[in-house]
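What follows is a set of notes on a single structure, which appears directly below.
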Amino acid sequence: MSMTPFRLHPTLLLAVATLLFAVIAFSQPQSDRPPWAQKPKSTAAVGSTSKPSTASTSTVSPAPPPDGEPGKIVQPTPPAPTNDSQDAASQRGRIRVNVNLVNVLVSVLDDKNRPAPDLPREAFQLFEEGVEQKIDRFEPETSQPLDLAIMIDSSLSAHKEISFEQEAAAHFIRQVLRPGDRLSVFAVDENVTQLASFSDNVAELQAAVRKMPAGAGTSIYDAVLLGSRALARRGTDRRRVIILVTDAGETTSNSDFDAARREAVLSSTLLYTIVIRPVKNESGRNTAGEHALETMTDTTGGAMFYPDTPQELGAIFDRIDRELRTQYLLAYYPNPRGPANTYRSIVVTVDPSTYHVRHRKSYLTGPQ
């Protein structure tokens, strides 16, 4: 009997061939397959069970370039976000502060040395290196909080009047501090010792003033330098003030005049100096320290006081307090900008010219 040969239908044959090709391809390495076609690799240990993760994967962004540009400060930003929308939001929230802005605190006094309030912006003219500048910021009675360092000479040469100094300073502490202000107490002898940290705790600050220890030498350059550095660490947008009560008989500083003045200028510290003179006759005392303090005080825009008796200290502290509460704040962007790391002179005038004006006389430029 003859047998009819078995023939596969062409359609069935094509289906078998396709299935065979798929089985062979699946068993081959997948390195050359597109990512969407590769079988996920299992990372679980043998015998363990794991549930498929439902969290979406995200790529790690490359580290951003260092924040900041020459002449600018970039405020801290949050850690790098995990998606593009968060990254865009953080960039929008980034705040840049241009350190080219120069702040100048100005005290304006009338012919009786009383503060002159309520002067308009138009009454002021500001010059840098003889070139008039545009006043970009003006506060007729600045609301900037105060950081004050009260530094009292406790050397043996000044110690006999220490009780007057202590009580006058204690009274000043009570009246000068306002909400947001901070004050610190330092003793100055052969060393500079911080007796109370910056705070608004009046009782603790007064107690620190009243326990001023007796020392030997007088380190007024170190006092100005270290006090300025302590104030500079307190942050921006705050007024920095040193009130130094001393006999000005410099004897034991490790720093010199130039270093102390530079630090005061660099930190924009306002220096008020009260010189208690144990001997009224200049021929009987060392006046070099007085002249150095006069220069530094004038450079920063502060004031120098020479009370005839210790009893006048209270009135002097009252005057400093009134002045600090009626200061004008002027700010400008220098045009043209001076070379890096150079002193630039500042002059502020007020119309009418019958007023007496005090302000810092120079500042130190930063990097370009």
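Summary table below
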| item | result |
| --- | --- |
| For the stretch 97-188: accessible area per residue (Å², 1.4 Å) | 44 Å² |
| Fraction of accessible area attributable to carbon and sulfur, the stretch 189-251 (%, probe 1.4 Å) | 44 percent |
| Per residue accessible area in Å² of the stretch 286-358, where ligands, DNA and RNA are left out and the probe is 1.4 Å | 43 Å² |
| Label-point separation, residue 254 to residue 202 (7 Å along Cα→Cβ), nm | 3.7 nm |
| Solvent-accessible area, 1.4 Å probe, carbon plus sulfur percent, for the stretch 305-368 | 56 percent |
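The values are calculated or read from the model by the stated rules, or taken from the named source; none is laboratory data. Computed from a predicted structure; not experimentally measured. Note: ideal-geometry Cβ built from the backbone for every residue, glycine included; neighbour counts use all protein chains shown. Note: accessible area is taken over every heavy atom of the protein model, side chains too, but ligands, DNA and RNA are not part of it. Shrake-Rupley method; radii C 1.70, N 1.55, O 1.52, S 1.80 Å.
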